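Written out below as structure tokens is the structure these notes cover.
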Amino acid sequence: MIGRTLAHYRIVAALGAGGMGEVYRATDIKLGRDVALKVLPGEMAADPERLARFRREAQALAALDHPGIVTVYSVEEADGVHFLTMQLVEGRPLDQVIAQGKLPIAGSGARSPRPWAPPTPRASSTGT
């Protein structure tokens, strides 16, 4: 995926992977900013149930506005690839910080969306 352009997002680096996809650093060519781009793997996108779950996840996250949650910009499809775009947060991956046996402290350089805060009631009710 690195070097590929989806819609107006040029993928420049891999950031990580999880159960619902891979996350890349991408440049929004129209706005001139870097974003996090989460791509749903093709085999999951071919499953209507998993594709619906991916879209629900994007909608649930986009409905939240909280300092401890990244901002979702869009959910899209380009060239048969389903992806969502999110706020890019710089720093060390949070799993590396947690593996050291301590939670990040604001300003420590850990890649946490924003200073940590407990989930909001709305986040808890959406299962996020």
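No lab work stands behind these numbers, since they all come straight from the coordinates. Worth saying up front: this structure is predicted, and the values here are computed from it rather than measured. Here the Cβ is made from the backbone with ideal geometry for all residues, glycine too, and neighbour counts use every protein chain on show.
Cβ under 13 Å from Arg10's Cβ, Arg10 left aside: what net charge do those residues give with Lys, Arg +1 and Asp, Glu -1? Taking every Cβ under 13 Å from that of Arg10, the sum is +2.
A Förster radius of 30 Å, combined with the Cβ-Cβ distance separating Ile29 from Ala63, puts the computed FRET efficiency at roughly 0.65.
Within region 26-85, the trypsin sites (Lys or Arg not before Pro) that combine a DSSP coil assignment with at most 13 other C-beta atoms in a 10 angstrom radius are Lys30. Counted by neighbouring Cβ atoms within 10 Å, the residues Asp47, Asp79, Asp28 run from fewest to most as Asp79, Asp47, Asp28. In a shell of Cβ-Cβ distance under 11 Å around Ala26, excluding Ala26 itself, what net charge do Lys and Arg (+1) and Asp and Glu (-1) give? Charge balance in the 11 Å sphere: +3. Which of rounded, prolate, oblate describes region 1-96, given a ≥ b ≥ c as roots of the alpha-carbon gyration tensor eigenvalues and a/c under 1.5 marking rounded, otherwise prolate only if a/b is larger than b/c? It comes out rounded by the Cα gyration axes. Annotation for region 1-109: GluC sites (Glu not before Pro) lying in DSSP loop with at most 13 further Cβ atoms inside 10 Å of their Cβ are Glu90.
Place a point 7 Å from Cα of Leu51 in the direction of its Cβ. Which residues in region 69-83 have their backbone N less than 12 Å from it? What the label zone holds, given the 12 Å backbone N cut-off, is 77-78, 80-83. In a fully extended conformation the segment linking Gln96 and His8 would gain 28.6 nm over its present Cα-Cα distance, using 0.36 nm per residue.
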